[in-house]
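Student: Okay, here's the structure, questions in a sec.
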Amino acid sequence: MYTEILRIIEGGLAKDTKKVYNYSKLLADKVGKDGDDRMSKMILKAIEARSATTVTMDELLTTPVDQESRLGIVDVIVPSKENIPIVLPKLIDNKIADFINVLKHQSQLMQKGVEMSNSLLLYGNPGCGKTTVAKYISEQTGLPLVIARFDAIVSSLLGNTAKNIRKIFEFADNKPCILFLDEFDAIAKARDDQYELGELKRVINSLLQNIDSFAKHNILIAATNHSELLDKAIWRRFNTVIEIGLPQEAEIIELIKTFTSDFKTEFNTDEKRLDRLAKLFTEKSPSDIRTIINNAKAQTVINDRDALHYEDVLVELFEFNHHGNLTVEKLVEFLNDNGIPQAAIADRMNVSIRQIRNYLNKQS
C-alpha cells in the first residue's frame, strides 16, 4: 500500500495525471481487499470524477499555435459514444485489440512492474483506415485524440518547425489523451536523404528526443502512407507496428454491407452479386469503396428511387475507374459483362433496347 501512495505522490509532483490515476486505482483495490469498502469507493469516486474527457477539456481546448502563421498546430477530437465501423483482417484486428487492452490494463501492468511504452506506428496505402483506427482506439479507451496538424507545423522558418514539434509534445504531455501524428513522414524522413538540409535533419533529431521522452508516460500513435521514407531510427521508437493494407474479398464484402446498412438494397443478400462486387472492388481502399457507394446512394436519393440497386453501384464504380474516359458504349459493355440484363440497362440509361443491342454488337 505504501508503494502505491509513494507512486501517487511522485505522479502528483511530476504532474503525471495518468500515473496518479493508475496507482490510485491500485490503492483502491488494495484498500477494498483489506475490508475498507467505504474508503475504496471514495478513492474511486475521486479519480472517476476527473475522467479523461472532462478534467482537462479547458486545457485541451487551449491549443498551441505556430508563431509565424498563428495557426493552430493541433486539433482535438473528443470521443463520442457512437461506434466507429472498422473492418480489418482478423490478425490485424487482433493486434489492435491487444494494443487497446494494454492501454486499459495499465494499472495491473504497473502493479507487476511492467512499464511499457504505449506507442503504435500504422503504415500502408492511403485511404486504408489508419486515421479511422486512431479514432477507433480513442473511442474504445475514452481518451481525446490530439491530432498534430503538419500543414501548420512545418514552418517556412525552419527553426520554428522544431519549436512547433516541441510545443505539440509539451501540450499533450501527461494529459489523459492520445497524441496522433498523421502523415508522419512529413517530419520523420530519413536523415541520410542527400536532398535534405541540415536544419531539417536537426528537426528529426528533435522529434526522436521528444518521442523518447513522451512515450515513457503517454500514448502515441503515428501514421504514414510512405513508410519507405521514414528514418530507420523511427521504427525502434514504437512498441507496436502494424501495416494497414488494402482489404481482401471478405473485408470488401463486410465494408459493402457496412456502407449500405442505412439503405434498402437487394444485393446485400445475393451472394453472387456480392462476390462479383468484391472482385470488382479489388485493389480499392476502404475510402474508395465508401466514396463509390456514397455516390450511388446520392443518385438514388436525387432520382427518387426506392432502393439502392446493384447496377447503381456498378455505374458509379465504372465512372470512378474511368474518370475522363467515359463513353456510353463502354458503360453498356461493363454493365452487360457484370450481369445486368439488356432491358434493365436500357431502362437505366433511358434508351431503347435496340440501341443497347447495337452498342454491344459494335463491341463484339
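No value in this document is a laboratory result; all are computed from the given coordinates. The shown structure was predicted, so the numbers you read here are calculated from the model rather than taken from an experiment. Here the Cβ positions follow ideal geometry from the backbone for every residue, glycine too, while neighbour counts run over all protein chains shown.
Student: Which residue, chosen from 263, 285, 351, occupies the Cα position most advanced towards the positive end of the dipole of segment 249-363, where the dipole is computed from +1 (Lys, Arg) and -1 (Asp, Glu) charges on Cβ about the Cα centre?
Tutor: 351
Student: Which ordering of 327, 300, 63 is given by a fewest-first count of other beta-carbon atoms within 10 Å? Show your work: numbers first, answer last.
Tutor: On the way: 327 10, 300 19, 63 16.
Listing 327, 300, 63 from fewest to most nearby Cβ atoms yields 327, 63, 300.
Student: Over the chain, with a Gaussian network built from C-alpha contacts below 10 Å, which listed residue (145, 246, 326) shows the highest mean-square fluctuation?
Tutor: 326
Student: Another question about this same structure. Taking the simple approach of a point 7 Å from Cα along Cα-to-Cβ for both residue 202 and residue 261, what is their distance in nm?
Tutor: Computed distance between label sites residue 202 and residue 261 equals 5.1 nm.
Student: What is the dipole size for segment 57-243, taken about its Cα centre, with +1 at each Lys and Arg Cβ and -1 at each Asp and Glu Cβ, in debye to the nearest 20?
Tutor: The dipole magnitude comes to about 420 debye.
Student: Of all the C-alpha pairs in the chain, what % are more than 36 Å from each other?
Tutor: Beyond 36 Å sits 40 percent of the P(r) for the chain.
Student: Now a separate question. Compute the FRET efficiency between residue 270 and residue 216 as 1/(1 + (r/R0)^6), taking r as their Cβ-Cβ distance and R0 = 35 Å, and round to the nearest 0.05.
Tutor: Details: r = 53 Å, r/R0 = 1.51.
Taking R0 as 35 Å, the efficiency between residue 270 and residue 216 is 0.10.
Student: How high is the relative contact order of the chain, given as a whole-number percent (alpha carbon pairs under 8 Å, six or more residues apart)? Could you put the intermediate results ahead of the total?
Tutor: On the way: 495 pairs, mean separation 58.4, N = 364.
Relative contact order, the chain: 16 percent.
Student: Another question about this same structure. To check you understand DSSP bridge types, tell me what percent of the beta bridges within the chain (both residues inside) are antiparallel, rounded to 5.
Tutor: Looking only at bridges with both residues in the chain, the antiparallel portion is about 25 percent.
Student: What is segment 249-363's relative contact order, in percent, from Cα pairs under 8 angstrom and six or more apart in sequence?
Tutor: In percent, rounded to a whole number, it is 21.
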